[in-house]
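Chemist: One structure is given below, represented as structure tokens, and several questions about it will come after.
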């Protein structure tokens, strides 16, 4: 158990450090898409929600709560990636054709 | 431990998320990055949903279907001007999902270890306060809650007290892991805390709050990674939490304020303090008609547009582009000066101008362009206020003193497009509006810009 906690702490530290390094390089131009993007990947809690909703050993109430969590996380995953891509599509270099 | 499909799936997904995030460091690679990350998500979800013992899909499939049905319009239909509202709303979904998973964990874990309990506690605490805090932020942005800071007596005392009690409850549960009353009490308190934290924050400070809520949502997900001992949750949570935190820091720096001041300062609520600024009462306002402005713009060789939240409200970004196209046809160089806190979230203005088909090479940050105002013929301030207020440089008594602002007054002429002389969100008088070089063009920004474009065309 202690090993698991320690490894988790190391993973968190490394990911946070790497994240800081990468995100500091994201230009202000893309800060809104960045927020939409991180919002979409934080929908990774879908993984935990699927566990809660899918476990047959859990009570019905628990699984219904899990189902609501699945809905919320799925909205963020689906909506988050779609809107990030929709925004990024708009950033163009040369004056494009009139929209 | 046997190596199973989901272990590999989470590992591959984590790598794809990092690659995707790196893609976002440049506009040319950003779309590819998003697709890589989306692929990572698909793999991770496949790993989690892979058939296993004691697992079925009765409660999963409806959730996925309903979530997708709601998610698609959330992604494709929301107008770009509503992006801050949209992001706030999705933070609340994220917070709720994490909090619910934490509650299920608490209910179903019969013999929790202290560590497990502590991680679950923090997961629920952060998830719940992100949920209600984001709904508050959404309400303030959307306008169904008052955008002005709401204050009541002993507010900061109560908020900090609630936070201390909630954290103490989590710590208590580490020592007495089965204390259900304490757990649900903490959950309720965390919900109230989200409301309390966002209540005193005004519209102009929303960029910082949205970033912080983004950060909390990430940290909540990371906490759930500790609960489930799942590295992909820890990694995504850390990336999300770190991103929100960096952006919040950038935003507060761009306002020359500390986190504490943003969170507990109830900025802009104290009307008497704001009015005590040195603005010369009754100073003459130069008002210009659309035609007069168009005359000046016709002969301008360089123009800088300073957009603000007012541009988003008036949905004037396309009208800006149309006017800029005419100016450019005249041989005028048009650039856009974008303040980090212009609008209601980081990068808000960039997205709107990109939507109007303005190439991103013409969009400049504060540091990149601020020295160029002195050599610019005309500045067009479209719905911006505090970010062009010279009081930030000249009046130590002003609430925004020390905030970096654009040197609009150095340009040859300044046109301020504004509805009326009402002060901006922070409720502070703006000396730029009575500056001798400034001409106010009153009216709806979109209509004014369209009329200006029309007046310029007539001259040809």
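Chemist: Please return the ranges of helices (runs of 4 or more DSSP H) entirely within segment B:119-233 where 1 or more residues are touching a residue at least 12 places away in the same chain (Cβ under 8 Å), farther than 24 Å from residue A:16 by Cα and more than 14 Å from chain A (Cβ to nearest Cβ).
Modeler: B:155-175, B:180-198
Chemist: Right, here's the next one. Mind telling me which of the residues B:384, B:324, B:300 ends up being part of a loop (DSSP other than H, G, I, E, B) and more than 18 Å from the chain's Cα centre (by Cα)?
Modeler: Only one candidate qualifies: B:300.
Chemist: Next question. With A:17, A:12 as the choices, which residue is part of a helix (DSSP H, G or I), farther than 22 Å from residue B:131 by Cβ and more than 7 Å from chain B (Cβ to nearest Cβ)? Please lay out each step first, then the result.
Modeler: On the way: A:12 fails: more than 7 Å from chain B (Cβ to nearest Cβ).
Just a single option satisfies the conditions, and that option is A:17.
Chemist: Sticking with this one: Determine whether segment B:6-13 contains at least one residue that is modelled with pLDDT of 95 or more and within 7 Å of chain A (Cβ to nearest Cβ).
Modeler: no
Chemist: Being at the interface with chain A (Cβ under 9 Å from one of its Cβ atoms) and touching a residue at least 60 places away in the same chain (Cβ under 8 Å) is the filter here, so list the residues in segment B:71-82 that pass it.
Modeler: Selection gives B:80 alone.
Chemist: Regarding residue A:46, is this residue surrounded by fewer than 24 Cβ atoms within 10 Å (Cβ to Cβ) and free of Cβ contacts under 8 Å to residues at least 60 places away in the same chain?
Modeler: So residue A:46 does not fit the description; no.
Chemist: Restricting attention to segment B:84-118, and to residues there that are within 9 Å of chain A (Cβ to nearest Cβ) and farther than 30 Å from residue B:142 by Cβ, which single residue is surrounded by the fewest Cβ atoms within 10 Å (Cβ to Cβ)?
Modeler: So, considering only residues that are within 9 Å of chain A (Cβ to nearest Cβ) and farther than 30 Å from residue B:142 by Cβ, the one surrounded by the fewest Cβ atoms within 10 Å (Cβ to Cβ) is B:113.
Chemist: Could you grab the pairs with beta carbons closer than 9 Å, sequence gap of 6+ or different chains, first residue in segment A:17-34 and free of Cβ contacts under 8 Å to residues at least 12 places away in the same chain, second one surrounded by fewer than 17 Cβ atoms within 10 Å (Cβ to Cβ) and assigned to a loop (DSSP other than H, G, I, E, B)?
Modeler: Between residues of segment A:17-34 that are free of Cβ contacts under 8 Å to residues at least 12 places away in the same chain and residues that are surrounded by fewer than 17 Cβ atoms within 10 Å (Cβ to Cβ) and assigned to a loop (DSSP other than H, G, I, E, B), the close pairs are A:25/B:26; A:26/B:26; A:27/B:26.
Chemist: Which of the residues spanning segment B:330-346 are buried (at least 24 other Cβ atoms within 10 Å of the Cβ) and part of a strand (DSSP E or B)?
Modeler: Across segment B:330-346, the qualifying residues are B:337, B:338.
Chemist: Quick one: residue A:95 ticks every box in (1) at pLDDT 95 or above; (2) surrounded by fewer than 22 Cβ atoms within 10 Å (Cβ to Cβ); (3) over 19 Å from residue A:37 (Cα atoms); (4) at the interface with another protein chain (Cβ under 7 Å from one of its Cβ atoms) except a single one, so which number is it?
Modeler: (1)
Chemist: So residue B:68 ticks every box in (1) within 7 Å of another protein chain (Cβ to nearest Cβ); (2) crowded, with 20+ Cβ neighbours inside 10 Å but one. Which box is left unticked?
Modeler: (2)
Chemist: Still on this model: Among the candidates B:37, B:48, single out the residue that is in contact (Cβ under 8 Å) with a residue 40 or more places away in the chain, at the interface with another protein chain (Cβ under 8 Å from one of its Cβ atoms), in contact with a helix residue (DSSP H, G or I) (Cβ under 9 Å, 6 or more places away or on another chain) and on the phi < 0 side of the Ramachandran plot.
Modeler: Among B:37, B:48, only B:48 is in contact (Cβ under 8 Å) with a residue 40 or more places away in the chain, at the interface with another protein chain (Cβ under 8 Å from one of its Cβ atoms), in contact with a helix residue (DSSP H, G or I) (Cβ under 9 Å, 6 or more places away or on another chain) and on the phi < 0 side of the Ramachandran plot.
Chemist: Checking the conditions here, which among A:28, A:40, A:15 is over 21 Å from residue B:87 (Cα atoms), surrounded by 16 or more Cβ atoms within 10 Å (Cβ to Cβ) and touching a helix residue (DSSP H, G or I) at 6+ places or on another chain (Cβ under 8 Å)?
Modeler: The match here is A:15.
The values are calculated or read from the model by the stated rules, or taken from the named source; none is laboratory data. As the structure is a computational prediction, the values presented were derived from the model and not from experiment. Because the Cβ atoms are built from the backbone with ideal geometry, glycine has one as well, and the counts that use them run over all protein chains shown.
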